[in-house]
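Have a look at the structure below before the remarks.
The values are calculated or read from the model by the stated rules, or taken from the named source; none is laboratory data. Keep in mind that this is a model prediction, so the values were computed, not measured. All Cβ positions, even for glycine, are placed from backbone atoms using ideal geometry, and neighbour counts span all protein chains on display.
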């Protein structure tokens, strides 16, 4: 099993925040906000490539703070989202971004303040879901890569992660979930579940042989 885990992490384990050049380990508000913005984009029913492309557009135009997003306004956000590929979701995503950022500023000021006011992991998730358009999926996306940064960030692994882990015979309870290695494993299992297990693309999966062995046992 150790070989399977190492193979998973080696091929699929780079966190999304790292792929976007976000440095969460710095614990800086600016970096955490950039990841929050990315999580809001990933939370839509859109491909991860479009979400990442759009996030990079926000960064290139320096629209990576609450004030900058609010200054850009609805029309500016729609234009940016269209450029990124959110053609079907440009209006709704622009509206959600503005509503969420306004609520964040009015209720907490910053994400760091939101975290400080959370009593525990469940309360942290609940506070995030107070924002219009932020449901369990978006909250999970945001918190899973903050496990080693915010001690109260302890989201339950998603159904896709659990599906991939089950197929490979990996017991997630055997791991310390507040470590960098688990963050990488979780990201790897998510990609596996999303791109292969859910779509029954077993023949294309890099862990096809290992998965077949588990199913035979």
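Go through 151, 155 for me and flag whichever is part of a loop (DSSP other than H, G, I, E, B) and closer than 17 Å to residue 190 by Cβ. Before you say what the answer is, go through the steps one by one.
On the way: 151 fails: closer than 17 Å to residue 190 by Cβ.
Matching residue, one of 151, 155: 155.
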Checklist entry - For segment 113-136, which residues satisfy the criterion of being touching a residue at least 24 places away in the same chain (Cβ under 8 Å) and surrounded by 15 or more Cβ atoms within 10 Å (Cβ to Cβ)? => result 115, 118, 121, 124, 125, 131, 133, 134
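Going by the conditions given, is residue 109 outside the structural domain of residue 178 (by TED's automatic domain parsing), surrounded by fewer than 18 Cβ atoms within 10 Å (Cβ to Cβ), closer than 26 Å to residue 192 by Cα and out of contact with any helix residue (DSSP H, G or I) (no Cβ under 6 Å at 6 or more places or on another chain)?
no
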Next on the checklist: For a quick check of your reading of the model, give me the residue pairs whose first member lies in segment 82-102 and is at negative phi and not assigned by TED's automatic domain parsing to the domain that holds residue 131, whose second is modelled with pLDDT under 95 and in a helix (DSSP H, G or I), with beta-carbon atoms closer than 7 Å and at least 6 apart or on different chains.
Outcome noted: none
Next on the checklist: For segment 1-42, give me each residue that is more than 23 Å from residue 97 (Cβ to Cβ) and either in a loop (DSSP other than H, G, I, E, B) or in contact with a strand residue (DSSP E or B) (Cβ under 6 Å, 6 or more places away or on another chain) (or both).
Outcome noted: 1, 13, 14, 27
Item to check | Whichever residue in segment 43-76 is assigned to a loop (DSSP other than H, G, I, E, B) and modelled with pLDDT under 95 and, among such residues, is surrounded by the fewest Cβ atoms within 10 Å (Cβ to Cβ) | outcome: 45
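Hey, any hits in segment 31-39 for a residue that's surrounded by 17 or more Cβ atoms within 10 Å (Cβ to Cβ) and either outside the structural domain of residue 140 (by TED's automatic domain parsing) or over 16 Å from residue 142 (Cα atoms) (or both)? Lay out the reasoning, then the answer.
Start the filter on segment 31-39 by keeping residues that are surrounded by 17 or more Cβ atoms within 10 Å (Cβ to Cβ), which leaves 31-39.
Okay, now just the ones that are also either outside the structural domain of residue 140 (by TED's automatic domain parsing) or over 16 Å from residue 142 (Cα atoms) (or both), so none.
Checked against the condition, which is being surrounded by 17 or more Cβ atoms within 10 Å (Cβ to Cβ) and either outside the structural domain of residue 140 (by TED's automatic domain parsing) or over 16 Å from residue 142 (Cα atoms) (or both), segment 31-39 yields no hits at all.
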Checklist entry - When segment 169-195 is examined, which residues are found to be without any contact (Cβ under 8 Å) to a residue 24 or more places away in the chain, over 19 Å from residue 39 (Cα atoms) and surrounded by 15 or more Cβ atoms within 10 Å (Cβ to Cβ)? => result 172, 175
Item to check | Top-ranked residue of segment 115-132 - restricted to ones that are over 18 Å from the mean Cα position of the chain (by Cα) and part of a helix (DSSP H, G or I), ranked as nearest to residue 28 (Cα to Cα) | outcome: 116
